[in-house]
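Accompanying notes for the structure given below.
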Amino acid sequence: MIVKTLTVTNKLGVHARPAGMIVDITGPAKSDVSIIFDGSKANAKSILNVMMLAIPLGSEVKFEVDGEDEELVVQKLEQLFHDNFNEEAG
Amino acid sequence: MTTSTKKQAKGSSSSKTSKKPLRIVLVGVPASPGFAMGKVFPITNREISVVEETIPESRVTTEEQLFLKAVSKTAKEIGQIKEISETRTGVHDSLIFATHLMILQDPGLVNGVLEMVKKKHKTARWSVHVVLGNYIEKFEKINSPAMRDKAVDLRDLYNRLMTALDDSGPVLEDVALEQGVVLAAHEIMPSMLIAIKPGQVSALVMDTGGRTSHVAILARSLQIPAVSGLRNVAAQVNAGDTIIVDGTGGMVIVNPDEEDIRKFHERQEVFERQRRELFTMRRLEPMTRDGKYITLHANIELPSEASKVTDFGATGIGLYRSEFLFFQKDAPTESEQETAYEEILSTMSPCPVTIRTLDAGGDKLVAGLTAVNEANPFMGWRSIRVCLSREDIFCTQLRALLRANKSGNLRILLPMISGLNELRKAKAYIKRCADELKAEGVQVGNIKIGAMIEVPAAVMLVDLIAKEVDFFSIGTNDLIQFTLAVDRTNELITEMFQPHHPAILHMINRVVMAAHREGIPVAVCGEMSADPMSVLLLVGLGVDELSMTPWSVMATKKIIRSINYEDVRESALTVLQMDDSDNVNEYMHKKYAQTITDLGISSFVGQVDGK
């Protein structure tokens, strides 16, 4: 299992579109993926769960990825956060 | 707004036929002109009652299948609406639909429902109600306005799923089977209208809304007759009832008698004849008999409407409300906006196109952008104020506009300007974006920049503003609302919303004089520019351009071609001396009502008398 902490750097935070982009990665993955923010842990394959966390700009988000493609999933997530979800940086 | 309900039970005493359905006459607000008769297709807001029901083990598989089928049916339905919406609006990859589809496949939702069916032996309906209901409740409690808004999307999905689970409910495909139905609903959402195929719906009737609601504007641009503000029409009609809709007069008749139907055909015929006659106006110049040329432009809501505008005889776009792109999608990207703007600009070239920068707020909330729960939204964080404090959104729009302006016919209109500070800031942003684009090697065409005059402060400073812009556009709705301190959405004081109030006429006069001193034109783009008496006053006051819904252009052209500028000028100067709007209306009515009636455009401009 890989545990990875990423920082939300886009201005609007994880709203509907970024949540969708996260699920685009976690949904088809073979690994189990959990997202941990502000003391809550949720299934990161669920867009409803990810949206419900309402993660704002500047937050640290922890992902727990466990499965055969865990490295690839973490790499993609890292890239996504790094690119600010193709949105403007805050 | 007056709403009266007359119920008349038509006795069937002599005939042996079973009792006739009840004839009901309802009066509301004429939201979109035209006449139609058809079968009622009620759109219920789907207040679905669900009961907790335990099922035997043997039915578990059936219920599971039922749920999965409902999911795929709903996904198909959303896919269809997405497709239709894309061809209608030209906006692709709309976020709303992508999110809906993803939620529909959410493991938490799908597995939650399936588990409840399997382990707790509940029906699929009850399980959806509980599982999705929990999510809705949680979203409503989230401490982020943008996320709270998503609860609306979830409720929409809830309704769709419930309907799909209940085969008798109305779904999009059912509507498609029958042509020319009349949609009846408590409230009709703009998204619902966009999903309608041409010919599918002949008219709209709804309990809520007024003339300026978004649905009304959309109905007018799609040329579907509509009556709004009927208060309780949805509760009084049944599926399949025959209904007559008079969108010009704002009246509907449910289960009409023979006399009603005869009158309907008569009026519809007049309407069609007038429409045909008006089309002969298309190629004629909008010039008064003594040779003053008045520019007639069209207001549009959707980029795809641009291609129809010239057919109605307009020589440009006087107002494209860019908010519509933002209703479709939280934050359309620069290239998405560029595509939409370019469609309009290239279709209309070389005719001028006025695009108003994002005018969100007030009654036009954009998800995730505008503030909610303002005590006084019309005077709140809206319009240019949002743009100036959200540089990211404003600059994205400005860059898209400048990029799209390949043929140099763009006019950028800045809304809600209340002083020079705002105007200069906005102009600085435009200049900065243009410089950036030039540095990136993009060719930036000529643009004109105008200020919307709709805040009384701007009228007081109009001499100064005129020196710094290329044109004015008077937004009459807000100007009246702010000047007379009358909330136009408040039904208790609708009578006080008086476009011909002397204060308003003096303001327009002042704006025109200031503009002409600086040699710039003045346009009026509100509802006022399509009302016959107002047209006479505006022309008389020296307004250069009128912009209105496309189909009003021909009727207005006919009015302009029938008058002498010198005469309406004199009338305007006369009413400027008057002390209240009743006197103004009485004077204008006495002098012009007959002329206008004789023009034979009654179906298009509403009643001239009865002001």
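Every read-out reported here was derived from the displayed coordinates using simple, explicitly stated rules and does not represent laboratory data. Here the structure is a predicted model, which is why all the values come from computation and not from measurement. Virtual Cβ from ideal backbone geometry, glycine too; neighbours counted across all protein chains shown.
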Next item on the list: Whole Å is fine, so just give me how far the alpha carbon centre of the range B:536-583 lies from that of the range B:96-112.
Entry: 55 Å
Checklist line | Charge dipole (the protein assembly as shown, unit charges on Cβ, about Cα centre) - positive-most of A:Thr26, B:Ile560, B:Ser202 | finding: B:Ile560
Next item on the list: Please report the orientation-averaged projected area of the range B:229-363, defined via the convex hull of its C-alpha atoms, in nm².
Entry: 12.9 nm²
Margin query: Can you compute 3J(HN,Hα) from phi for each residue in the range B:297-314, using the Karplus curve 6.51 cos²θ - 1.76 cosθ + 1.60 with θ = phi - 60°, rounded to whole Hz and x for Gly and Pro?
Written below: 10, 10, 8, 10, 10, 10, x, 5, 5, 3, 5, 8, 4, 5, 4, 8, x, 7
Check: Roughly what % of DSSP beta bridges within the protein assembly as shown run antiparallel, to the nearest 5?
Finding: 50 percent
Next item on the list: Could you calculate the FRET efficiency of B:Gln105 with B:Thr208 from 1/(1 + (r/R0)^6), where r is the beta carbon distance between them and R0 is 22 Å, rounded to 0.05?
Entry: 0.05
Margin query: Run lengths n ≥ 4 of DSSP H only: what is the helix-derived mean residue ellipticity at 222 nm for the protein assembly as shown, with -39500 (n - 2.57) per run over all residues, to the nearest 500?
Written below: -14000 deg cm²/dmol
Item checked: Distribution of pairwise C-alpha distances over the protein assembly as shown, 20 Å bins, in % -> 16, 46, 31, 8, 0
Checklist line | Using distinct alpha-carbon pairs, which all enter the 1/r mean, Kirkwood radius of the range A:2-85 in Å | finding: 12.3 Å
Checklist line | Simple spin-label estimate for A:Asp38 and B:Glu53 in nanometres, 7 Å along Cα-Cβ | finding: 4.0 nm
Item checked: Inter-label distance for B:Leu388 and B:Glu586, nm, one decimal - labels placed 7 Å from Cα along Cα-to-Cβ -> 4.4 nm
Item checked: Cα centroid separation - the range A:36-90 against the range B:252-322, whole Å -> 53 Å
Checklist line | Convex hull projection area averaged over all views, the range B:288-605, Cα basis, nm² | finding: 16.0 nm²
